[in-house]
């Protein structure tokens, strides 16, 4: 259980990965929030590159958290959730500047969680938090290890509670993990990190 668990105040960024079975994870994760998380939050969701995504508008209708597709060159902001656009890797550069890349696919996908996690590990070190929610394949496992190697924190959704457990299981096999939680407990952890009065 996540009772008493919260994100450390030193956290500079939260990076979240989801894939098959994860389309509704951002909805469940942020749907009940009345304000954005107190730290910048970046989400890689594996999406088809052949169609314009409606994930940002779909999630936005269900939450008060400001959610939008990431734009190249914009600076991260606390309280906002940025989603990787289809067919572009989402990275973070010096000074918290977002970068979109059309570099080759990683784990056969673009955007790839491994690319996002590795970039936040390089910039933020032990102040980076990575979350692996749901999906097939192994994307996120290598990046999660990079986060751990730099002293950051890795949280994995309990594979037994995920519709598609490949990504969480791969992360557990390849990297040290700090917490294994249900999606509800992950939501509670992020919510608890808000200062008193910010969430109701």
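Which whole-number percent gives the relative contact order of the chain, counting Cα pairs below 8 Å spaced six or more residues apart?
Taking the mean separation of contacting Cα pairs over the length of the chain, I get 25 percent.
I'd like the distance separating the alpha-carbon centroids of the stretch 139-195 and the stretch 79-96, in whole Å.
19 Å
I'd like to compare 127-135, 115-123: which one has the highest average count of other Cβ atoms within 10 Å, and what's the full order after that?
Numbers: 127-135: 27.2, 115-123: 24.3.
Listed from highest to lowest mean packing, they are 127-135, 115-123.
Using a 10 Å cut-off around each Cβ, can you sort 10, 175 from fewest to most neighbouring Cβ atoms?
Numbers: 10 11, 175 23.
In order of increasing Cβ crowding within 10 Å: 10, 175.
Taking the number of other C-beta atoms within 10 Å as the exposure measure, put 187, 9 in order starting with the fewest. All intermediate terms of the calculation are to be shown ahead of the outcome.
Values: 187 19, 9 10.
In order of increasing Cβ crowding within 10 Å: 9, 187.
Under 8 Å for C-alpha pairs, at least 6 residues apart: give me the relative contact order for the stretch 142-190, rounded to a whole percent.
Rounded, it is 43 percent for the stretch 142-190.
Return the calculated 222 nm mean residue ellipticity for the chain, to the nearest 500 deg cm²/dmol, obtained by summing -39500 (n - 2.57) across DSSP H runs with n ≥ 4 and dividing by the residue count.
Working: 6 runs with 52 residues, N = 200.
The per-residue figure over the chain is -7000 deg cm²/dmol.
Could you give the length gained by full extension between residue 64 and residue 160, i.e. 0.36 nm per residue of separation minus their alpha carbon distance, to one decimal place? List each step's numbers first, then the result.
Values: separation 96, 0.36 × 96 = 34.56 nm, distance 2.96 nm.
Contour length minus the Cα-Cα distance gives 31.6 nm.
When N is the residue count of the chain, what does its C-alpha Rg come to as a fraction of 2.2 N^0.38 Å? Spell out each step's value before the answer.
Details: Rg = 14.9 Å, N = 200, 2.2 N^0.38 = 16.5 Å.
Its radius of gyration relative to the 2.2 N^0.38 Å reference: 0.90.
Bear in mind that the values in this text are calculations on the coordinates, not laboratory data. Quick caveat: nothing in here was measured; it's all calculated off a predicted structure. FYI the Cβ positions are ideal-geometry reconstructions off the backbone, even for glycines, and counts take in every protein chain you see.
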